[in-house]
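Inspection log for the structure reproduced underneath, given as structure tokens.
The values are calculated or read from the model by the stated rules, or taken from the named source; none is laboratory data. As the structure is a prediction and not an experimental result, all values here were calculated from the model. Positions of Cβ are backbone-derived with ideal geometry, glycine not excepted, and every protein chain shown enters the neighbour counts. Calculation scope for accessible area: heavy atoms of the full protein, side chains included, ligands and nucleic acids excluded. Shrake-Rupley method; radii C 1.70, N 1.55, O 1.52, S 1.80 Å.
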Amino acid sequence: MRSCNTKFIFVAVYGKHSIQRKSLWTDLERTMRGVQEPSLIMGDFNSILSIEDRVMGNPVQEGEMTDFKNFIADVGLAELKTIGRNYTWTNNHVHSRIDRILANAEWMQKWPNMEGTILQPGFSDHCPLIVTVAEPTGRGRRPFKFFNCLAGHHRFDDIVKEVWMKENKGKSMLKVWHKLKQLKKELKLLNNEEYNSVGPKIQVARNKLMNIQMGMASPETDEEMIALEKETKTELAKWLEVEESIMKQKARIKWLKVGDSNTAYFHACVKNRQARNHIGRLMDNTGKLLQSEKEVEEEILNFYKKLLGTTASTLPIVDQMLCRMGTA
């Protein structure tokens, strides 16, 4: 970070060992209010976000998580992807994930591939956290993703019916596999034809609507212009709905509210989601950090070789799986 010459805000946190930490969330929210620079909030929050964040010890209660979850949502933060140990604190009986790296929308927009590393604790009961700029790596072919808006297209039902009615040779499951493969090809074509450039289509519709409405400023507006305005509004609403559906599905934000699709935080969540799904670094069983594309490939390949065996019949399957993952 020293060489990037970019201003950012760093907040170190240490939460009290008490379930009553509302004052901490209030102070942090006040600190972050109005901040426009990329910001990182990092440290011991002494709070969990899900049931999976603690093993052994007392059962997790919903009240332990509510205030922390609300704080993250209200401030507009997201947790950075981390590699290494899963639980960051232990007293040799209970294991918890209470140390985190949170970032605001500006940070996620500027450094979407930023990752954190959870180091070994050594003599401490807490694991140290560090943040590293992930080097960009070449990605393989992007897998086809089915967006819900495809199901609303007028050709969707006909395409599915046509593909499913075709005869295929082989056993029942092989027939299903062939049909799904062909259906994927047809839906991919439909997606490229209709929904590949939603942003430009929205802009075209907006410009068209603006020009129509400017021409309607005169009192001699005829019925044809009124009808054209109505038609263009419908077209714009359609593409905005498609864009929101796609962005919502990419981000997997189930609590999305109407109109949130245009906020910086929403788009930052999409980038954060994509970054979390990308495997740029791995830590092997010995604790060694693998950072190059070749090392990551070999580690994934070796894992599936051990899992599936290394016979001549299984090796092609392993290679296909690695290819589909596109080095993640």
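Look through 302, 285 and report the one residue that is farther than 29 Å from residue 146 by Cα, modelled with pLDDT of 75 or more and either within 28 Å of the chain's Cα centre (by Cα) or among the aromatic types (Phe, Trp, Tyr) (or both).
Residue meeting the stated conditions: 302.
Give the stretch 55-75 a look and list any residue that's part of a helix (DSSP H, G or I) and out of contact with any Asp or Glu (no Cβ under 9 Å at 6 or more places or on another chain), or say none. Talk me through it step by step, then tell me what you get.
Just the residues of the stretch 55-75 that are part of a helix (DSSP H, G or I), to begin with: 62-75.
Within the stretch 55-75, 62, 63, 64, 66, 67, 68, 69, 70, 73 qualify.
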For this session: Quick one: residue 157 ticks every box in (1) without any contact (Cβ under 8 Å) to a residue 40 or more places away in the chain; (2) closer than 22 Å to residue 248 by Cα except a single one, so which number is it?
Result: (2)
Problem set entry | Residues satisfying the stated conditions in the stretch 52-75, i.e. open to solvent by 60 Å² or more (accessible area, probe 1.4 Å), at negative phi and either over 21 Å from the mean Cα position of the chain (by Cα) or of a type in the set (D, E, K, R) (or both) | 52, 58, 59, 61, 62, 69, 74
Exercise. Can you pull out the residues in the stretch 84-114 that are at pLDDT 90 or above, buried (at least 20 other Cβ atoms within 10 Å of the Cβ) and outside any strand (DSSP E or B)?
Worked result: 88, 97, 98
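Sort through 168, 211, 192 and tell me the only one that's within 30 Å of residue 105 (Cα to Cα) and free of Cβ contacts under 8 Å to residues at least 40 places away in the same chain.
Residue meeting the stated conditions: 192.
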